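One structure is given below, encoded as structure tokens.
The values are calculated or read from the model by the stated rules, or taken from the named source; none is laboratory data. Note that this is a predicted model, so its numbers are computed, not measured. Cβ placement follows ideal geometry from the backbone for every residue including glycine, while neighbour counts extend to all protein chains displayed.
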Amino acid sequence: MIGPLKLSPQALAEENLRLQRKLGAGLKTLREVGEANYGATRKEAVYSDGKLTLYRYRGEGKPSAKVPLLIVYALVNRPYMVDLQHDRSLVKGLLGHGEDVYIIDWGYPDGSDRWLDLDDYINRFIDGCVDHIRDAHGLDAINVLGICQGGAFSLCYSALHPEKVRNLITMVTPVDFHTEDNMLSHWTRDLDVDLFVGALGNVPADLMNWCYLTLKPFRLNLQKYLGLVDVLDDVGELENFLRMEKWIFDSPDQAGEAFRQFIRDFYQGNKLVKGGLEIGGREVSLKAIDMPVLNIFAEQDHLVPPSASRPLGKHVGTRDYTELAFRGGHIGIYVSGRAQREVPKAIHDWLAQRSR
């Protein structure tokens with residue numbers, strides 16, 4: 001049991017004075033703070049299809065890696081989280097190690113995309129990007145890094161097109177969707193997804209954001225804004241806060257049919273590990289993944305718990321399987337100081353060992 005707080009009148013007065021000073025300084029800081037821009041690295045559009053744009057990042061030096069790396073991000077958030085700012089950029093770290101990095105920007109679906117399904121996203125969009133990179137570099141296969149839902153897509157793609165993937169990396173990727181500690185899975189298990197999508201068409205981004213924020217309501221809806229007071233007098237920290245807020249609420253709507261299939265076959269049916277998953281009329285079997293696999297997960301991840309990622313090793317067909325547990329959360333694996341030191345180097349070293 002937690003005992004009563006012992007605060008003297010003097011301590012309360014001092015805390016109130018500190019708060020007033022912070023708020024007063026905040027009025028000055030808010031006038032000085034600039035727009036919360038994102039993106040640390042120059043990139044150029046090299047391919048497009050519908051709303052999708054494929055970008056190639058340009059680092060300060062020429063890439064030393066002979067095989068390019070394609071990042072496949074999730075549909076539910078914008079992909080610039082991997083290149084948020086100069087001191088928080090997975091992409092910048094990878095480029096610094098000599099990797100040649102591409103990324104898929106899915107864009108913002110609208111009513112014309114209502115009937116896009118998983119076949120479109122995997123066998124049309126991802127495959128089109130992979131083929132463009134293969135042709136541009138004169139290669140039979142490239143490296144793929146799938147993140148979160150994009151990791152699940154990358155697993156499906158690699159199972160259907162193993163000849164086009166040299167090495168596969170998954171990061172905070174759900175594989176077993178029915179683990180006990182997967183709160184999102186419990187929420188969606190009994191959802192009438194046909195009625196849901198039939199009523200909404202495309203799934204609104206605001207609704208998706210509300211669901212994610214209520215997974216940790218105190219931490220994500222109250223505590224972080226109370227903590228904002230502590231940085232009101234620091235322009236740099238306030239810009240970091242606003243940049244993260246901009247990313248959180250800059251979310252695309254979800255194409256209705258693809259959402260329906262993903263909820264039904266992955267969250268409800270758990271077919272990625274149980275079997276029976278079909279995309280584009282072809283069965284997806286993780287045993288067909290015969291290329292080297294690096295599976296990176298975050299130990300404190302509340303969206304994709306480690307228990308949902310770890311089972312990958314016993315389902316893929318490759319014997320070259322590696323796990324990397326990162327001490328942090330779902331977002332920290334991209335933006336924390338530890339992540340900047342550890343994650344890009346781990347990816348580069350793993351790839352380098354398989355390029356000899």
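Brief remarks follow.
- Scanning the range 86-109 for residues that are acidic (Asp, Glu), at pLDDT 90 or above and surrounded by fewer than 23 Cβ atoms within 10 Å (Cβ to Cβ) yields a total of 1.
- Any chance residue 158 is hydroxyl-bearing (Ser, Thr, Tyr), over 17 Å from residue 52 (Cα atoms), surrounded by 16 or more Cβ atoms within 10 Å (Cβ to Cβ) and within 21 Å of the chain's Cα centre (by Cα): yes
- Among all residues of the range 291-300, there is none that is touching a residue at least 12 places away in the same chain (Cβ under 8 Å), surrounded by fewer than 18 Cβ atoms within 10 Å (Cβ to Cβ) and small (Gly, Ala, Ser).
- Any hit, the range 170-191, residues being on the phi > 0 side of the Ramachandran plot, touching a residue at least 40 places away in the same chain (Cβ under 8 Å) and touching a strand residue (DSSP E or B) at 6+ places or on another chain (Cβ under 6 Å): yes
- Qualifying residue in the range 67-85 (condition: over 30 Å from residue 264 (Cα atoms), surrounded by fewer than 22 Cβ atoms within 10 Å (Cβ to Cβ) and modelled with pLDDT under 95): yes
- Condition check for residue 119: over 28 Å from residue 297 (Cβ atoms) and over 18 Å from the mean Cα position of the chain (by Cα): no
- Restricting the range 129-141 to residues that are over 21 Å from the mean Cα position of the chain (by Cα) and under 16 Å from residue 71 (Cα atoms), the residue that is surrounded by the fewest Cβ atoms within 10 Å (Cβ to Cβ): 131
- Residue within the range 255-265 that is modelled with pLDDT under 95 and crowded, with 17+ Cβ neighbours inside 10 Å present: no
- Restricting the first member to the range 22-47 and to residues that are under 30 Å from residue 63 (Cβ atoms) and at pLDDT below 75, and the second to residues that are of a type in the set (Phe, Trp, Tyr) and buried (at least 18 other Cβ atoms within 10 Å of the Cβ), the beta-carbon pairs closer than 6 Å and six or more apart or on different chains are 38/80.
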